[in-house]
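A.B. asks: Before we start, here is the structure in question, set down as structure tokens.
The values are calculated or read from the model by the stated rules, or taken from the named source; none is laboratory data. What you see is a predicted model, and the numbers here were worked out from it, not measured in a lab. Note that each Cβ is placed from the backbone with ideal geometry, even for glycine, and that neighbours are counted across all protein chains shown. The area values use the complete protein model at the heavy-atom level, side chains included, leaving out ligands, DNA and RNA. Shrake-Rupley method; radii C 1.70, N 1.55, O 1.52, S 1.80 Å.
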Amino acid sequence: MSAPDTLNIRDSARLSMHFLQNNVDFNRGMSPYFYTLYSEDPVEAQHNPWDYCENPGRYLYAFYSARAVLGDKNETETEKAQKKLLYARFEEDDGLCYRPATSPYGRIRHVADLWDNRSVFMGLLLNSVLTGDTEARKCADRLAVAMRRIAVKSPDGYYYSTPVVPPGYVPDPDEKADIGQNMGGWITPLKKYSDIIGDESAFDLANGLAEFIVRRMNVDEGI
């Protein structure tokens with residue numbers, strides 16, 4: 001009787017590494033593809049505005065996860081390219097990663113999307129742990145500070161009043177919370193950051209976001 005794949009996932013991790021290294025556009029700075037259209041013949045990979053921010057971040061922490069299984073710490077050119085794509089998006093001096101105003105894939109709102117930034121944060125944080133990249137760590141640190149700065153503190157905990165932040169944004173404590181992935185999605189990354197860095201303020205923010213959601217979210221609202 002052969003052992004089930006779930007007892008040894010190294011082969012799956014190698015396949016994941018192969019996908020991550022090759023599902024990128026080698027003609028556009030190794031930017032990752034977002035869509036794979038299996039309905040096309042031949043199958044077609046397509047870009048999306050998220051390829052500037054969320055997707056490179058996801059690729060970085062996917063690389064980290066696969067390497068954790070394989071015990072491999074050797075960074076590839078594909079990983080370095082994802083960081084290069086992200087570094088170019090920290091164009092505002094406030095610690096947040098912004099979507100560009102325009103792209104080859106259509107106009108984009110020039111904002112820092114908090115869900116995008118969650119992926120960027122996790123990707124750069126875990127990459128810095130894996131590789132010792134000081135620039136990745138610096139960006140992750142600045143993002144953690146920025147997320148504390150734009151959070152609104154209330155008696156029920158911390159919240160964000162918008163899922164997207166324009167340049168120069170200052171939180172308004174009179175605005176009500178916008179409960180969604182822009183809040184709940186940050187709990188685990190901030191807790192992970194606190195565990196790795198030993199930053200108690202990050203844990204306080206993560207705990208405050210969780211408390212607010214538990215106390216204020218109606219049972220019929222999604223997260």
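A.B. asks: Counting only protein heavy atoms and a 1.4 Å probe, tell me what percentage of the chain's accessible area is made up of carbon and sulfur. If you can, show how the numbers build up before the last one.
C.D. replies: Numbers: 5920 of 11760 Å².
Of all accessible area on the chain, carbon and sulfur atoms account for 50 percent.
A.B. asks: Here's another thing I want to ask about it. Highest mean first, what order results for 87-99, 33-45, 116-128 on Cβ atoms within 10 Å? Can you show the working numbers first?
C.D. replies: On the way: 87-99: 18.6, 33-45: 10.8, 116-128: 26.5.
Final packing ranking: 116-128, 87-99, 33-45.
A.B. asks: Same structure again: Helix-derived [θ] at 222 nm for the chain: sum -39500 (n - 2.57) over DSSP H runs of at least 4, divide by residue count, nearest 500? Don't jump to the answer; show the numbers that get you there.
C.D. replies: On the way: 8 runs with 107 residues, N = 223.
After summing the helix terms and dividing by residue count, I get -15500 deg cm²/dmol.
A.B. asks: Another question, then. Between region 125-174 and region 54-121, what is the separation of their alpha carbon centroids in Å?
C.D. replies: Distance between centres, Cα-based: 15 Å.
A.B. asks: Treating only the Cβ atoms of Lys and Arg (+1) and Asp and Glu (-1) as charged, compute the dipole magnitude of region 1-144 about its Cα centre; round to the nearest 20 debye.
C.D. replies: Numbers: 17 positive and 21 negative charges, 59 e Å.
That gives region 1-144 a dipole magnitude of about 280 debye.
A.B. asks: If one takes the longest principal axis of the Cα atoms in the chain, at what angle in degrees, from 0 to 90 and to the nearest 10, does the Cα axis of helix 10-22 lie?
C.D. replies: Relative to the chain, helix 10-22 is tipped by roughly 80 degrees.
A.B. asks: Stokes-Einstein diffusion coefficient for region 88-212 at 20 °C in a medium of 1.002 mPa s, Rh from the Kirkwood formula over Cα pairs: what value in µm²/s?
C.D. replies: Working: Rh = 14.8 Å.
It diffuses with D of about 145 µm²/s by this estimate.
A.B. asks: Using the heavy atoms of the protein chains and a 1.4 angstrom probe, tell me the accessible area per residue for region 76-156 in square angstrom.
C.D. replies: Values: 3320 Å² over 81 residues.
I get 41 Å² per residue for this part.
A.B. asks: Here's another thing I want to ask about it. Filter the cross-link list LYS80/LYS153; LYS138/LYS192; LYS84/LYS176; LYS73/LYS192; LYS153/LYS192 down to pairs whose alpha-carbon distance in this structure exceeds 25 Å. Don't skip to the end; give the middle numbers.
C.D. replies: Details: LYS80/LYS153 37 Å; LYS138/LYS192 16 Å; LYS84/LYS176 36 Å; LYS73/LYS192 20 Å; LYS153/LYS192 21 Å.
Checking Cα-Cα distances, LYS80/LYS153; LYS84/LYS176 exceed 25 Å.
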